[in-house]
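Shown next, in structure tokens, is the structure this report addresses.
The values are calculated or read from the model by the stated rules, or taken from the named source; none is laboratory data. The model shown is predicted, which means the values in this text are computed figures rather than measured ones. Using ideal geometry, Cβ is built from the backbone for each residue, glycine included, and neighbour counts are taken over all protein chains shown.
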Amino acid sequence: MRGMLLCRGQMRDYKDLLFRISNAYYNLGLEKAKLSDLSGAAELLKKSLHFNKYQTDARNLLGLIYYEMGEVPEALVQWVISLNLDPEDNRADHYLDEVQRKPGALERETAAIRKFNQALYHAQHGAEDLAMIGLNQIVREKPDFIKARLLLALLYLDSGQNTKAGSVLMRVLKTDRNNSLALILMDETKKRTGKAEVEKNRMKNAFSHRRMEDDDVILPKARRQATPGQTVMYIIGGVALSFLVFWLMILPSVRRQYNIEANERIAQNSRELNMVNASYEELSRQYASVSSAYEDAAGRLRAFEEENAAFTSMYRLLVSINEDYAAGNVVQAAESYLSIDRSMITEEPLLGMLQDVDRYMLNEGFDAIVSMGTDSWNGGRLEDAEHYYDLALSMKGDDPEAMYLKARLLQSQDRITEANAIFDAIIGGHPESPYAERAMEARGY
């Protein structure tokens, strides 16, 4: 029994520790939220909820931050969870009522999310202009939608519109002053526009010492001129008196004050240096993480664009073959058909289209081209006839009829060696074909 009581006491101490940690993170998040550091506050509030999911104050504040950043669906989720955990006297009930009371609010938020997803899709598929048009419309309707503004700034930078990117990022940092991605993009914007160098020079000039000009010297008023002897005595007496006063009264006090101020400056500089080092290390970690995520996303986007480009190219080629064939441009359709790279056609929709194209090009299309060759031969256009037969044989190289017709055409032009080679190929490759017997007759067997 004593052991059970001890265990329960330890559990209570453990829970109390978790609650204190949760409350500490909540207080830190609240301070950051007051300083307009929304993203930093959101991270601290998430940690608070990690240690105590029933911390409704932290959950409600996290919802308010999401709402301020334009992410209304995430805010609603936090408030609904908060209200379910603590239904009595919960501010989340008021927040939900405020959103629902606005006419058409939820519909507008849903439409904004749909537009953002569409703009993101356009950006990923090479239609950056359409993406920027959609994002500009979103930020006009929802000025504090941070994700939309960040994507718009990234697209502006990618297209070289650096000034517009800077304006968009300024609005983001006005809402969320320490947004890590916005700060990274702003640094890049300043580098491109030259403002980074200007700020560096301005800071350098602010801490530089200005040289004294002639106008800075205050000239004394004219006085009655003393005799040479008096002047020497005045100088000696003044030097002696000044040295004595300085040595006995001023120097010790100056030394003490200097030592005190120097020690204070050293301590203050040490504290500031430690804070700067800690902030620099944290920013370096965040920058490395964001850069890695950005490079990974960019790599996936490039791979997707390359795959999508191959799909689009083959799709357009198959559509053009179909359109040319339907319009009666059989030769153009055949030439396009021969340019198909079948290794690039792996998607099910394209495979189905390719099967349809193979069916009519290797049957009706092939017969039409062979007939065009024969018509040209009969009309005395021998070069055209040979071109059509070659085109047909490029599509179906083992067709005995097309082979026989081309061989006879060559034979009629006294190109006997070329003709005999094709006759032999018919006899050896298609012995059962009726064109094998004709080839033997033409060959003289």
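Among the residues making up the range 397-445, a single one is closer than 19 Å to W377 by Cβ, polar (S, T, N, Q) and outside any helix (DSSP H, G or I): Q413. Of the residues making up the range 374-392, those that are under 15 Å from Q332 (Cα atoms) and either surrounded by 15 or more Cβ atoms within 10 Å (Cβ to Cβ) or of a type in the set (F, W, Y) (or both) number 6. All of L350, L354, L283 fail the test of being part of a helix (DSSP H, G or I), in the same structural domain as G397 (by TED's automatic domain parsing), in contact with a Leu (Cβ under 9 Å, 6 or more places away or on another chain) and at pLDDT below 85, apart from L350. Only one of the listed residues (I65, I21) is of a type in the set (V, I, T), surrounded by fewer than 16 Cβ atoms within 10 Å (Cβ to Cβ) and either assigned by TED's automatic domain parsing to the domain that holds L181 or part of a helix (DSSP H, G or I) (or both). That residue is I21.
For every residue, the table says whether it meets (1) modelled with pLDDT of 85 or more; (2) of a type in the set (G, A, S); (3) assigned by TED's automatic domain parsing to the domain that holds G63.
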residue	(1), (2), (3)
D144	no, no, no
L151	yes, no, no
G160	yes, yes, no
T189	yes, no, no
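Reported count of residues in the range 97-132, each being among the acidic types (D, E) and either loosely packed, with under 15 Cβ neighbours inside 10 Å or touching a strand residue (DSSP E or B) at 6+ places or on another chain (Cβ under 8 Å) (or both), is 4. Any residue that is outside the structural domain of I184 (by TED's automatic domain parsing), within 24 Å of T175 (Cα to Cα) and not in a helix (DSSP H, G or I) - is there at least one of those in the range 70-84? Within the range 70-84, one or more residues are outside the structural domain of I184 (by TED's automatic domain parsing), within 24 Å of T175 (Cα to Cα) and not in a helix (DSSP H, G or I).
Of all residues in the range 107-146, exactly one satisfies the criterion of being more than 21 Å from S159 (Cα to Cα) and aromatic (F, W, Y), namely F145.
Answer yes if at least one residue in the range 331-345 is closer than 20 Å to V319 by Cα and touching a Gly at 6+ places or on another chain (Cβ under 7 Å), and no otherwise. So far as the range 331-345 goes, yes, one or more of its residues are closer than 20 Å to V319 by Cα and touching a Gly at 6+ places or on another chain (Cβ under 7 Å). Within the range 29-58, restricting attention to residues that are in a loop (DSSP other than H, G, I, E, B) and under 26 Å from the mean Cα position of the chain (by Cα), the residue that is surrounded by the fewest Cβ atoms within 10 Å (Cβ to Cβ) is S36. Would you confirm whether or not the range 362-371 contains a residue that is in the same structural domain as S412 (by TED's automatic domain parsing) and polar (S, T, N, Q)? Within the range 362-371 (the criterion being in the same structural domain as S412 (by TED's automatic domain parsing) and polar (S, T, N, Q)), the answer is yes, since at least one residue qualifies. For M353, indicate whether it is within 51 Å of the chain's Cα centre (by Cα), touching a residue at least 60 places away in the same chain (Cβ under 8 Å) and crowded, with 18+ Cβ neighbours inside 10 Å. It is false that M353 is within 51 Å of the chain's Cα centre (by Cα), touching a residue at least 60 places away in the same chain (Cβ under 8 Å) and crowded, with 18+ Cβ neighbours inside 10 Å. Residues in the range 393-422 that are of a type in the set (A, V, I, L, M, F, W, C) and over 25 Å from L338 (Cα atoms): I416 alone.
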